Each structure stands twice: as C-alpha cells, then as structure tokens.
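Structure first, commentary second.
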Amino acid sequence: MFYSAVLLVLVSVAVAQQTEWEQCGGIGWTGGTTCVSGTVCTELNDYYSQCLPGAAPSTTAAPSPTTSAPSTPTQTSLIPRLGGVNTAGYDFSVATNGSFSGTGVSPPVSQYSHFTAEGANLYRIPFAWQLMTPTLGGTIDSSFFSTYDTTVQAALNSGPNVYVIVDLHNYARWNGEIIGQGGPTNAQFASIWTQIAAEYGSNERIIFGIMNEPHDLPSVETWSDTLQYVVTQVRAAGSQNFLLLPGSSYSSAQTFPTEAGPYLVTITDPLGTTDKLLFDVHKYLDSDNSGTHADCVTNNVDVLTTLVQFLQENGNRQAILSETGGGNTASCETDLGQELAYVQSAYPTLVGFSIWAAGAFDPTYVLSVTPNANGTDQPLWIDAVIPNLP
C-alpha cells in the first residue's frame, strides 16, 4: 500500500506538470503551476505565466530577456484581446506595386459565423483601392461599397464582440507610384479614409487599417508625415475609430523598432491621446518571411519580444500582428502555436493577431485556413490558432 501510494503521488505530480509553452499561472488560473524539466514557469504579466525554455529547475523565474515579454508598468487597454483571420478576396490581383487588374471576389459570409463559434473575434477584410475609388482621389463607388459592406456587416453580426479591420491593401502605392513621394498626394490618400469614416465612423468595432504593407519607401520619415496627415483628416471627419499605423519593409515587426518605429511613435492624435493609434505589424514564419512556403523555421518569439520592449519603452504603446501564418504542416503547427501563445501573453502591448488567410482562398492554398467543403477545419487552425483565440 505504501509503494502504491507513493507511485500515485508521483504520477499525480507528473500529470500536473505543464508542457513547454503551456500556461502555468496568472490571476484566475486554476490549472497546473509546475513545468516539465527544461522549462521555467515565467510570469509574462499578472494574468499569464507560461512554461518557457530555460535551464533553471525552479518553477518560477523572472522573465527572460529573449523569450518573454519584459515587465511593464500598469497598462490599460481600450480594446479587448483580439484573435481571428484575414478573409481575403476583394484584394485579389493587387500587386505589390499597387496596381490592380481584377474585379474582386466576395469572401463566403458563412465563414464568419463558423469562426466566431470557435472563438474568433477579429476579421481583417482587405480590399483594392481601385475598387473602392476607381478614380484616384474620387468618390467611393457605391456599388462596390454596398457589396463590401454586406461582408463587413456579416462579420460584425456573427457575434456581439466581433471587430472588423477595414484594410486598404495597396502597399502604399497607386499603380506603381508611392503615396506622398511622387505618387498620390496626401490629400488624395486621406480622401478615401474620410469617406470611409463617413460610413463607419460611428461604429467602434470597425478598425481602420490605413494601408497594407508599405515597402521600399524612399523616406520613412516622409511616410510618417503622410500617416499624420491622414490621422488628422480622419479625426476632423468625426471618426473616433481605432487606426492602424503601418511602418515599412512590408509592415515588418522585425524592423519596426529600428526603422519606422522611431518616427511613428511621434504621430499625434487630435483626440488628445494615442490610445486609439495602434501600430500594424506583420511577420511570417517561413525561411524568407514571405508567407509563400508551407514549412516554418521560427516561432518569432525573439522578434516579438524585441518589439514589445520597444513599445513599452516608447510610451507604453500597442500593436497588432494583423498578418501571420503558415502551412498545414507539423513545423507550422508548432511554431505558429508558440508565436500566438506569446502574442496572447503579451497583451495589452500586443492586442492580438489575424491569421493569413481564409475568405475566397480555397483549402489548397499554401497558407489556407479556409474550412473544407464538409465544414471541417484545417489542421493549422485546429492545432495552433484555436488554442490561442481570446
């Protein structure tokens, strides 16, 4: 009986141990609080401790400077923790030079209720600039807006706490020319956003994604001035929506702290606070950060840790990982799961994530999380995304 009792205790302790990257503590946590050998239960914030790789045998430790979010002063957030998916289609055929040759494809609206039922509360819905305003600086095309708005409303109506990012997907360009740097003027760029503000400015659950993935900008400082102009004009139009401000190098989360970040943190908001100015960052997990390969080679935790530290040291600012993703492969299920667990732990500095992509992509697309025809989900969504939804 004695040996049986000892064995039972040992088995109970082993079962209670959390595996690498699992939660192990935090306010309200009722699960296991010890970690398997080789990992340390690390407090990332008051609400979340996680088993992170480490040599120390103890179950609690100060945050590691390379694998966990640095400590932060008390920080409140006007926006809840977000997690969801890009539903592409209206952006199909937009090239990285800002040209457009398509007609747009409506994402299946059934996806919104499907994903929301599984815990998603964020949908990023990209569109081509040329579809929304066929003439540069001109008025919104009412027919396209009606189609687009049907999609937006379907997403919003899928749940009472769902947010939508209205995403202008043109790479800071119109037909090859860079906004404010030889191409469209700042006024022409701001025009589309003041018109969108007139349509959506009263809905606090609609977030304005000012521009997708600016890249190869002659002057990042000038781009910052362009963003400041748009922020000022959108507020003058009466909007109090959250605004996503993208940096450079395809909105790179990795380069943000040293490239665009030092300029973008100086942008002011006529509302009198920067609480509704969120930085928009992207980071993929494949070998060249292109989001074109099925296999993943990194979990991006080091990159995101550096980003979090920069944001906390520069006014306790916030960002959202609005594009990330991987293939339906074992490497991506592991790496993406670890990345999203870190994003979840770093709230409110990182407010959430949006996976690329579902919508009009079919299930054979290399980064597809589009549900199968029979309603089942892709392995990546099941194994890496669902466990880290809000």
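Taking the residues in segment 332-390 that are aliphatic (A, V, I, L, M) and out of contact with any Gly (no Cβ under 8 Å at 6 or more places or on another chain) as candidates, determine which candidate is farthest from ASN161 (Cα to Cα).
Only one residue fits best here, namely ALA373.
Can you tell which of ALA95, ALA117, ALA172 is of a type in the set (A, V, I, L, M) and open to solvent by less than 30 Å² (accessible area, probe 1.4 Å)?
On inspection, the qualifying residue turns out to be ALA172.
Do we have ALA198 as more than 24 Å from TYR365 (Cβ to Cβ), of a type in the set (Gly, Ala, Ser) and surrounded by fewer than 20 Cβ atoms within 10 Å (Cβ to Cβ) here?
Answer is yes for this residue.
Could you tell me which residue of segment 197-225 is nearest to GLY137 (Cα to Cα), considering only residues that are polar (S, T, N, Q) and in a loop (DSSP other than H, G, I, E, B)?
For segment 197-225, the residue satisfying everything is ASN212.
Please count how many residues of segment 163-173 are assigned to a strand (DSSP E or B) and more than 16 Å from THR222 (Cβ to Cβ).
6
Any idea which of (1) buried (at least 22 other Cβ atoms within 10 Å of the Cβ); (2) more than 27 Å from TRP381 (Cα to Cα); (3) hydrophobic (A, V, I, L, M, F, W, C) is the one ALA187 doesn't satisfy?
Every listed condition holds for ALA187 apart from (1).
Identify all residues within segment 210-225 that are more than 19 Å from LEU321 (Cα to Cα) and either open to solvent by 50 Å² or more (accessible area, probe 1.4 Å) or not hydrophobic (A, V, I, L, M, F, W, C) (or both); write none if there are none.
ASP216, PRO218, SER219, GLU221, THR222, SER224, ASP225
Considering only segment 294-310, state which residues are on the phi < 0 side of the Ramachandran plot, touching a Lys or Arg at 6+ places or on another chain (Cβ under 8 Å) and crowded, with 24+ Cβ neighbours inside 10 Å.
LEU304
Can you tell me which of GLY84, GLY54, GLY26, GLY32 is in contact with a Phe, Trp or Tyr (Cβ under 6 Å, 6 or more places away or on another chain), surrounded by 14 or more Cβ atoms within 10 Å (Cβ to Cβ) and modelled with pLDDT under 95?
Exactly one of GLY84, GLY54, GLY26, GLY32 is in contact with a Phe, Trp or Tyr (Cβ under 6 Å, 6 or more places away or on another chain), surrounded by 14 or more Cβ atoms within 10 Å (Cβ to Cβ) and modelled with pLDDT under 95, namely GLY26.
Rundown of residues vs (1) open to solvent by less than 10 Å² (accessible area, probe 1.4 Å); (2) assigned by the TED database to the domain that holds VAL162; (3) part of a helix (DSSP H, G or I), yes/no style:
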| position | (1), (2), (3) |
| --- | --- |
| GLY337 | no, yes, yes |
| LEU340 | yes, yes, yes |
| TYR347 | no, yes, no |
| GLY352 | yes, yes, no |
| PRO371 | no, yes, no |
| TRP381 | yes, yes, yes |
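I'm told PRO160 meets every condition in (1) open to solvent by less than 40 Å² (accessible area, probe 1.4 Å); (2) more than 15 Å from ARG124 (Cβ to Cβ); (3) out of contact with any helix residue (DSSP H, G or I) (no Cβ under 9 Å at 6 or more places or on another chain) except one. Can you identify the failing condition by its number?
Of the numbered conditions (1) open to solvent by less than 40 Å² (accessible area, probe 1.4 Å); (2) more than 15 Å from ARG124 (Cβ to Cβ); (3) out of contact with any helix residue (DSSP H, G or I) (no Cβ under 9 Å at 6 or more places or on another chain), the odd one out for PRO160 is (1).
Does segment 111-134 hold any residues that are in a loop (DSSP other than H, G, I, E, B) and more than 21 Å from GLY183 (Cα to Cα), and which are they?
GLU118, GLY119, ALA120, ASN121
Please state which one of PRO80, PRO108, PRO160 is outside any helix (DSSP H, G or I) and in contact with a Gly (Cβ under 8 Å, 6 or more places away or on another chain).
Only one candidate qualifies: PRO108.
Quick check on THR273: is it assigned by the TED database to the domain that holds ALA187, at pLDDT below 95 and open to solvent by 30 Å² or more (accessible area, probe 1.4 Å)?
No, not satisfied.
Do we have GLN228 as open to solvent by 30 Å² or more (accessible area, probe 1.4 Å), touching a Ser or Thr at 6+ places or on another chain (Cβ under 8 Å) and either part of a helix (DSSP H, G or I) or β-branched (Val, Ile, Thr) (or both) here?
yes
Would a scan of segment 202-209 turn up a residue that is open to solvent by 20 Å² or more (accessible area, probe 1.4 Å), of a type outside the set (Asp, Glu) and in contact with a Ser or Thr (Cβ under 7 Å, 6 or more places away or on another chain)?
no
Considering only residues that are in contact (Cβ under 8 Å) with a residue 60 or more places away in the chain and either in contact with a strand residue (DSSP E or B) (Cβ under 8 Å, 6 or more places away or on another chain) or not charged (D, E, K, R) (or both), which ones fall in segment 163-177?
TYR163, ILE165, ASP167, HIS169, ASN170, TYR171, ALA172, TRP174, ASN175, GLY176
The values are calculated or read from the model by the stated rules, or taken from the named source; none is laboratory data. The shown structure was predicted, so the numbers you read here are calculated from the model rather than taken from an experiment. Note that we place each Cβ from the backbone using ideal geometry, even for glycine, and neighbour counts take in every protein chain shown. Surface areas here come from the heavy atoms of the whole protein model, side chains and all, with no ligands, DNA or RNA. Shrake-Rupley method; radii C 1.70, N 1.55, O 1.52, S 1.80 Å.
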